[in-house]
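Structure record follows, encoded as structure tokens.
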Amino acid sequence: MVMEKETLIPKEWLVSNTSESYEKCGDPDYKGFRKIHIFEKLRNEREIKKLSERLVTDIEPFRGKDPEDLTPAENDELKRTITSYILELDERKLFFDKPFLGFFLEKGYMESAEDFLDEVKLEDSDLKPEEVFQAIRNVWIMNSLQLYWGIPLTMTPSVYAYSMLYPYTDNFLDSTEVKKEDKARFNERLTRVISGEHVESSDPHEGRVFELIEKIGTEFQRDSYPSVYESIGLIQRAQIESMRQDQMKAMNPSEIVPISIFKGGASVLADVFLVKGELDEEEMSFAFGYGAFLQLLDDLQDSGADRLEGHQTLFSIGDKNSNLDGRLSKLISFIFKVNEPAADDDATKMLMKDVIRTCTLMMVMEVIGREPGSVSRGFYRELESYSKVRLTFFTEYEKQMRTLIEALGIGTNIGKSIK
């Protein structure tokens with residue numbers, strides 16, 4: 001492999017190697033997944049509904065209360081109630097054949113989320129609830145990477161800062177209300193800051209973004225960890241390149257795939273550098289592949305909105321009435337390929353890869369359950385055969401959970417709680 005000149009991260013090799021690996025994928029091999037009989041699916045759905053109805057009853061005393069008004073005892077009781085619900089779903093294998101949610105809770109996922117929200121209250125209380133949730137998604141990805149590499153699950157300055165960059169930069173660059181020249185100016189100035197140049201901020205938004213880059217420096221000094229900053233620079237380059245997907249000229253899949261793979265791959269690559277500090281080529285390759293399929297999954301989930309807004313992704317281009325069988329088969333196969341067990345994987349890495357395969361497949365199932373017309377009947381039946389519930393149940397369950405969240409006031413009160 002030829003390394004790029006004057007760089008520590010082989011960007012071109014990572015993009016081309018990951019793209020080639022993706023393009024070689026065909027029909028997925030569902031080894032490790034068992035087919036579930038319709039009677040078992042229906043039984044699982046009934047049990048999930050019963051547990052969820054019991055949860056609704058158990059959280060009734062907390063309905064509509066402001067989180068700030070809960071006593072420590074009430075807060076602990078609410079946490080125990082929700083944790084008990086999650087653990088029972090997990091232990092009874094109603095969604096997954098292999099329990100793992102208890103493992104995540106035991107390792108500190110909930111505490112990590114609490115630490116993150118506490119820091120948001122102090123540093124970024126003006127963010128909207130949906131922006132906080134956007135950031136916490138990346139926190140959980142970084143937490144999973146900490147677990148994968150045997151690193152204690154911790155809310156480090158870098159985990160917080162990099163996760164918060166998502167709502168501050170992504171949403172700014174994706175906004176149709178921001179002029180192209182303002183986006184270009186912001187990108188140029190942020191690129192200079194990432195490279196180590198001192199730039200005076202021109203407004204509060206830009207100032208906060210620059211502060212988050214500085215916060216990373218409290219954990220990773222630029223001279224000692226140059227690859228960390230090179231990886232952050234790569235995601236910035238990928239963000240700029242992805243703006244091509246908003247052009248009026250129609251793009252084809254061969255043009256879109258490398259952009260999506262670069263953007264997604266660079267994002268998780270930076271996640272891992274900010275978790276580990278240093279990576280070898282094999283670790284970089286895994287991180288890049290992981291990020292690539294997460295980006296493609298994100299594009300799948302957002303395909304409807306992207307189509308309306310003219311944002312060209314693999315799942316938003318072409319005739320909306322044509323099915324996605326081929327592209328989804330390739331995506332699922334690629335996910336499985338990236339997460340194939342390696343000979344030197346320890347028990348934790350094997351578990352994490354299994355969890356990633358299972359959860360990402362469920363994400364695909366949820367989308368298809370919501371939009372069954374996007375695939376052929378045969379593809380739908382094959383995919384559903386590996387699900388613990390009918391695919392349509394995912395939408396029903398999502399609505400039930402959304403109602404539950406509204407009952408708790410989480411969606412509206414999180415904004416109050418972080419102010």
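Here are the numbers:
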| read-out | value |
| --- | --- |
| Lone unmet requirement of (1) within 18 Å of the chain's Cα centre (by Cα); (2) within 30 Å of Leu147 (Cα to Cα); (3) not charged (D, E, K, R) for Phe315 | (2) |
| Sole exception among (1) surrounded by 14 or more Cβ atoms within 10 Å (Cβ to Cβ); (2) modelled with pLDDT of 95 or more; (3) basic (Lys, Arg) for Lys416, by number | (2) |
| Members of segment 236-253 that are among the charged types (D, E, K, R) and either modelled with pLDDT of 90 or more or crowded, with 17+ Cβ neighbours inside 10 Å (or both) | Arg237, Glu241 |
| Test: residue in segment 140-155 that is under 26 Å from Glu60 (Cα atoms), surrounded by 14 or more Cβ atoms within 10 Å (Cβ to Cβ) and touching a residue at least 12 places away in the same chain (Cβ under 8 Å) | no |
| Residue that is surrounded by the fewest Cβ atoms within 10 Å (Cβ to Cβ), among those in segment 156-186 that are touching a residue at least 60 places away in the same chain (Cβ under 8 Å) and either more than 18 Å from the chain's Cα centre (by Cα) or under 21 Å from Met350 (Cα atoms) (or both) | Thr176 |
| Those helices (runs of 4 or more DSSP H) lying entirely in segment 153-208 with at least 3 residues modelled with pLDDT under 95 and more than 29 Å from Glu106 (Cβ to Cβ) | 171-174, 180-194 |
| Test: residue in segment 269-278 that is crowded, with 20+ Cβ neighbours inside 10 Å, part of a helix (DSSP H, G or I) and among the acidic types (Asp, Glu) | yes |
| Single match in Asp354, Asp302 (criterion: at pLDDT 95 or above and either under 30 Å from Arg46 (Cα atoms) or not aromatic (Phe, Trp, Tyr) (or both)) | Asp354 |
| Any hit, segment 127-136, residues being within 20 Å of Gln295 (Cβ to Cβ) and touching a Ser or Thr at 6+ places or on another chain (Cβ under 8 Å) | yes |
| Single residue of Glu214, Glu255, Glu309 found to be closer than 28 Å to Met363 by Cα, without any contact (Cβ under 8 Å) to a residue 24 or more places away in the chain and among the acidic types (Asp, Glu) | Glu255 |
| Count of residues meeting criterion [in a loop (DSSP other than H, G, I, E, B), surrounded by fewer than 17 Cβ atoms within 10 Å (Cβ to Cβ) and acidic (Asp, Glu)] in segment 119-130 | 1 |
| Selection from segment 213-224 of residues that are outside any helix (DSSP H, G or I) and either charged (D, E, K, R) or crowded, with 19+ Cβ neighbours inside 10 Å (or both) | Glu219, Phe220, Arg222, Asp223 |
| Filter pass, Phe116 being farther than 30 Å from Pro204 by Cβ, surrounded by 15 or more Cβ atoms within 10 Å (Cβ to Cβ) and either of a type in the set (A, V, I, L, M, F, W, C) or touching a residue at least 60 places away in the same chain (Cβ under 8 Å) (or both) | no |
| From Arg46, Arg63, residue being modelled with pLDDT of 95 or more and more than 30 Å from Ser195 (Cα to Cα) | Arg46 |
| Matching helices (runs of 4 or more DSSP H) fully within segment 304-411 where at least 1 residues are among the polar types (S, T, N, Q) and loosely packed, with under 15 Cβ neighbours inside 10 Å | 347-370, 391-408 |
| Of all residues in segment 94-133 being basic (Lys, Arg) and within 20 Å of the chain's Cα centre (by Cα), the one that is farthest from Pro152 (Cα to Cα) | Lys128 |
| Residue tally, condition at negative phi, in contact (Cβ under 8 Å) with a residue 60 or more places away in the chain and assigned to a loop (DSSP other than H, G, I, E, B), over segment 22-76 | 14 |
| Tabulated pairs, segment 366-388, first modelled with pLDDT of 95 or more, second among the acidic types (Asp, Glu) and surrounded by 15 or more Cβ atoms within 10 Å (Cβ to Cβ), C-beta under 6 angstrom, 6+ apart or interchain | Val375/Asp325; Ser376/Asp325; Phe379/Asp325 |
| Selection within segment 80-109 - outside any helix (DSSP H, G or I), over 17 Å from Tyr148 (Cβ atoms) and in contact with a helix residue (DSSP H, G or I) (Cβ under 6 Å, 6 or more places away or on another chain) | Leu94, Phe96, Pro99 |
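The values are calculated or read from the model by the stated rules, or taken from the named source; none is laboratory data. Fair warning: this is a prediction, and the values are worked out from it, not measured in the lab. In this analysis, Cβ positions are derived from the backbone assuming ideal geometry, glycine residues included, and neighbour counts consider all displayed protein chains.
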